[in-house]
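Undergrad: I have a structure here, written as structure tokens, and I will follow up with some questions on it.
The values are calculated or read from the model by the stated rules, or taken from the named source; none is laboratory data. Keep in mind that what you see is a predicted model, and the values were worked out from it rather than measured. Positions of Cβ are backbone-derived with ideal geometry, glycine not excepted, and every protein chain shown enters the neighbour counts. Heavy atoms of the whole protein, side chains included, go into the accessibility calculation; ligands, DNA and RNA do not. Shrake-Rupley method; radii C 1.70, N 1.55, O 1.52, S 1.80 Å.
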Amino acid sequence: MTQAMTNKNQTGFTLWFTGLSGAGKSTISNILEKKFRELGLKIEILDGDIVRTHLSKGLGFSKEDRDTNIRRIGYVASLLSRNGVIAVTAAISPYLGVRQEVREMHENFVEVYAKCPLEVLEKRDVKGLYKKARAGEIAQFTGVSDPYEEPANAEVVVETNKETPEESASKIINWLTEHGYIEA
Ligand code: ADP
């Protein structure tokens, strides 16, 4: 990794979550935000659901619009991280190609795959979206009626059907510490 240091204490990097809806991207991001703040680190979360209400307002769920959404998030994350901030992104980001593109925009990029079998997610159905997708009320729903391309080279994989959210967050913190991105 390169040291994008803007002050003595903090290395900027982007922590890029990818995974199906309900896999735990937002939950783990929120735990990490708290932990990073406790360590006195600057952090910003770019949550897919929230980004779509302003930065990407008006975009839909075609491959083209999804890729545009991800490029925008990637661009903002790259600006933040190169200025010494931890940028955490929590968007499904289903396509490998554009994830690779945003990786290449960065010096320090850590991809985290929030992995969870579809059957478990459908049972969890945190936001009731799988039920609606199965009933045909939502079109192009990732994992049901739209593709999800699994990462081949994610730096960290959290298996959220086997771990608690705290355990998943600790796994990420440990990886970041071992690789010199943060000091525990
Ligand atoms: P996403 O942001 O990926 O759509 P959410 O974070 O909104 O997903 O929802 C994930 C759900 O899964 C939450 O209800 C959370 O409590 C549950 N969950 C169970 N185990 C885990 C884990 N290890 N990590 C994250 N979430 C988990």
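Undergrad: Being touching a residue at least 60 places away in the same chain (Cβ under 8 Å), hydrophobic (A, V, I, L, M, F, W, C) and more than 23 Å from D65 (Cβ to Cβ) is true for just one of V158, V120. Which residue is that?
TA: V158 is the lone residue from the list that is touching a residue at least 60 places away in the same chain (Cβ under 8 Å), hydrophobic (A, V, I, L, M, F, W, C) and more than 23 Å from D65 (Cβ to Cβ).
Undergrad: Here's another thing I want to ask about it. Give the residues of segment 22-32 that are at negative phi, open to solvent by 10 Å² or more (accessible area, probe 1.4 Å) and near the ligand (Cβ under 6 Å from one of its atoms), sorted by residue number.
TA: Matches in segment 22-32: K25, S26, T27.
Undergrad: Write out, first by first residue and then by second, each pair whose Cβ atoms fall under 7 Å of each other, whose residues are 6+ apart or on separate chains, and whose first residue, in segment 84-98, is farther than 27 Å from Q10 by Cα and open to solvent by less than 10 Å² (accessible area, probe 1.4 Å) while the second is modelled with pLDDT of 95 or more and among the hydrophobic types (A, V, I, L, M, F, W, C).
TA: Listed by first residue and then by second, the contacts come to V98/I70.
Undergrad: Only one of (1) over 16 Å from the mean Cα position of the chain (by Cα); (2) over 22 Å from Y181 (Cα atoms); (3) loosely packed, with under 14 Cβ neighbours inside 10 Å fails for E150. Which number is that?
TA: Here E150 meets the rest and fails (1).
Undergrad: Continuing with the same structure: Suppose we filter segment 161-174 for residues that are in contact (Cβ under 8 Å) with a residue 24 or more places away in the chain and over 15 Å from S29 (Cα atoms); how many remain?
TA: Of the residues in that region, 1 qualify.
Undergrad: Let me ask something additional. When segment 33-59 is examined, which residues are found to be under 14 Å from the mean Cα position of the chain (by Cα) and surrounded by 18 or more Cβ atoms within 10 Å (Cβ to Cβ)?
TA: Once the filter is applied, which keeps residues that are under 14 Å from the mean Cα position of the chain (by Cα) and surrounded by 18 or more Cβ atoms within 10 Å (Cβ to Cβ), segment 33-59 yields I43, I45, L46, D47, G48, V51.
Undergrad: Wholly within segment 11-109, which helices (runs of 4 or more DSSP H) include no fewer than the required count, namely at least 3 residues that are farther than 19 Å from E166 by Cα and among the hydrophobic types (A, V, I, L, M, F, W, C)?
TA: Numbers: elements: 25-38, 48-51, 63-82, 96-104.
Output list reads 63-82, 96-104.
Undergrad: Would you check if there is a residue in segment 121-144 being more than 14 Å from the ligand (Cβ to nearest atom) and either closer than 30 Å to N83 by Cβ or modelled with pLDDT under 95 (or both)?
TA: no
Undergrad: Within the group A139, A135, which residue is surrounded by fewer than 17 Cβ atoms within 10 Å (Cβ to Cβ) and in contact (Cβ under 8 Å) with a residue 60 or more places away in the chain?
TA: Numbers: A135 fails: in contact (Cβ under 8 Å) with a residue 60 or more places away in the chain.
Exactly one residue qualifies, and that residue is A139.
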